[in-house]
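This report refers to the structure that appears directly beneath it.
The values are calculated or read from the model by the stated rules, or taken from the named source; none is laboratory data. Keep in mind the model is a prediction, meaning the values are calculated, not measured. No Cβ is skipped: glycine too gets one built from the backbone with ideal geometry, and neighbour counts run over all protein chains shown. Quick note on the areas: whole protein, heavy atoms, side chains included, nothing else; ligands and nucleic acids left out. Shrake-Rupley method; radii C 1.70, N 1.55, O 1.52, S 1.80 Å.
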Amino acid sequence: MRAGSPPVTKMLSFEEALSEVEARLTSAGAAPATEVVPLGQAWARVLAEDVTADRDYPPFNRSTRDGFAVRSEDVSQAGSVLILDGEIRAGEYFKAEIGPGHCAAIMTGAPLPTGTDAVVMIEHTRPQGDKIEIERPAAAFENVVRKGSEAQAGQRVLAKGRRLRAGEVGLLASVGKTHATVSIRPRIAIIPTGDEVVPIDRRPEWYQVRNSNSAMLAAVVTSAGGNPWEIGIGPDQKDALQNLIEKALEADMLLLSGGVSMGKYDFVEDVLADLGAEFYFRSVAIRPGKPLVFGRVQGKFFFGLPGNPVSTFVTCNLFARPAIGALMGSGFERPAFLRARLAKPVRHPAGLTIFTPARIESRDDDPVVSVVGWQGSGDLVGVAEANCFLVVHGGQPSPAAGNWVDVLPISS
Ligand code: AMP
Ligand code: MG
């Protein structure tokens, strides 16, 4: 380490690092500012109000089948023959009561007429002139969703802090919310660093690389509900880097990439330290992504992500994504691992938690995960082949073919 660098803190395990980020973000406290947005803009945002059902859901006993609305006591045995009183289409209702021994044709989504409490599917009936023969017995409320069974009027259907995915947006629409109160999108500054990194609209010299990290980080930030702010490429030069980081302090959080390893020109931590940063950790026992820095500077959380594009991608998804959610008041949504069977054995260096680009596929009954061919942590071509990461935790032995292993789906 160079003279003047911030002190090295102990390397944390993946779980310890995640818990550290969670603890820091969730104790930070201040409730996020809110705004009212039209429903069409609510996706991926975090709800800042409780939402209640404006009426019972469903609002009536609703048929889930095309068939015949019956009184279940009339059809407790197969073979009953009922008098057909009429028809109820979805969007209409039947004005008269259906008496004993009678029935009405009913379509999916229509309200059951008074007197009836079950629906017999059309496939289980046979017309007999103006009567209907019921070929199978039906119990009370068969093929019916009862009024108020999903939610009762006034009941809370979505709590403040809930992330609005497509299903939640649909629910908001169904209870008549044309607008929703959500937390504002936090502004997340994105600062790639490196003298070899050039803007994507410039033709790189043979010894330069295009800035792929900014666009990738912006996509992760957007999908996490944040507002990405790409503020240009920081050089491997202290003063210029400091100017850029000072500008970035206007944001709610900072994502830096590159310049956090042990190289002679890795100045990110030095500059942050000069600006008074507190460092919570500076390396994590994961691969890719070991030189991962997390701290707070002038009241703003920052991540110093390793510059290799796959390292940036993995660490951003694991740590920065839930941190953005926490800034929005959704709590800290820890990455959720799924399980699959490993297609071929992998070698696992002891002590590190390894994330390897992989594909998960359903074969026969079990999901099977196979590692994709990749050239290491610079290889975005390999990542683009993958739909998940194979996760082997530090302390676990190398898994054999057929073992159940953890996978982290690539969600966006
Ligand atoms: P660093 O973490 O600065 O040592 O960079 C590690 C590797 O990632 C180097 O090969 C860099 O050229 C590459 N790299 C750093 N920043 C970016 C970026 N914004 N876009 C693409 N590659 C990058
Ligand atoms: Mg660099």
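Out of LYS160, LYS147, one residue alone is over 22 Å from the mean Cα position of the chain (by Cα), open to solvent by 70 Å² or more (accessible area, probe 1.4 Å), away from ligand 2 (no atom under 16 Å from the Cβ) and at pLDDT 95 or above. It is LYS147. For the stretch 242-255, the criterion of being surrounded by 14 or more Cβ atoms within 10 Å (Cβ to Cβ), within 16 Å of ligand 2 (Cβ to nearest atom) and not in a helix (DSSP H, G or I) is satisfied by at least one residue.
How many residues, within the stretch 17-35, are surrounded by fewer than 17 Cβ atoms within 10 Å (Cβ to Cβ) and not in a strand (DSSP E or B)? Of the residues in that region, 10 qualify.
Does GLY304 fit the bill of being under 13 Å from PHE14 (Cα atoms) and surrounded by 24 or more Cβ atoms within 10 Å (Cβ to Cβ)?
Against the criterion (under 13 Å from PHE14 (Cα atoms) and surrounded by 24 or more Cβ atoms within 10 Å (Cβ to Cβ)), GLY304 does not qualify.
For the stretch 44-62, indicate whether the set of residues that are surrounded by fewer than 21 Cβ atoms within 10 Å (Cβ to Cβ) and more than 30 Å from THR181 (Cβ to Cβ) is non-empty. The answer is no; no qualifying residue exists.
Mind listing whichever residues of the stretch 227-241 are more than 16 Å from ligand 2 (Cβ to nearest atom), open to solvent by less than 70 Å² (accessible area, probe 1.4 Å) and in contact with a Pro (Cβ under 9 Å, 6 or more places away or on another chain)?
Result: ASN227, single match.
Looking only at the stretch 268-280, residues that are more than 19 Å from THR315 (Cβ to Cβ) and either buried (at least 23 other Cβ atoms within 10 Å of the Cβ) or free of Cβ contacts under 8 Å to residues at least 12 places away in the same chain (or both) come to 1 in all. In the set VAL346, VAL391, VAL310, only one residue is crowded, with 21+ Cβ neighbours inside 10 Å and farther than 27 Å from ASN211 by Cβ; that residue is VAL391.
So is ARG339 at pLDDT 95 or above, surrounded by fewer than 16 Cβ atoms within 10 Å (Cβ to Cβ) and either more than 16 Å from ligand 2 (Cβ to nearest atom) or within 18 Å of GLU385 (Cβ to Cβ) (or both) or not?
Yes: the conditions hold for ARG339.
Once the stretch 214-226 is narrowed to residues that are over 11 Å from ALA44 (Cβ atoms) and surrounded by fewer than 16 Cβ atoms within 10 Å (Cβ to Cβ), the residue that is farthest from ligand 1 (Cβ to nearest atom) is ALA219. All told, TYR207 falls short of being within 14 Å of ligand 2 (Cβ to nearest atom) and either at pLDDT below 95 or within 31 Å of the chain's Cα centre (by Cα) (or both).
For the stretch 185-197, the set of residues classified as crowded, with 20+ Cβ neighbours inside 10 Å and either more than 16 Å from ligand 2 (Cβ to nearest atom) or in a loop (DSSP other than H, G, I, E, B) (or both) consists of ARG185, PRO186, ILE188, ALA189, GLY194, listed by residue number. Inside the stretch 360-401, residues that are of a type in the set (D, E, K, R) and in contact with a helix residue (DSSP H, G or I) (Cβ under 7 Å, 6 or more places away or on another chain) make up a count of 1.
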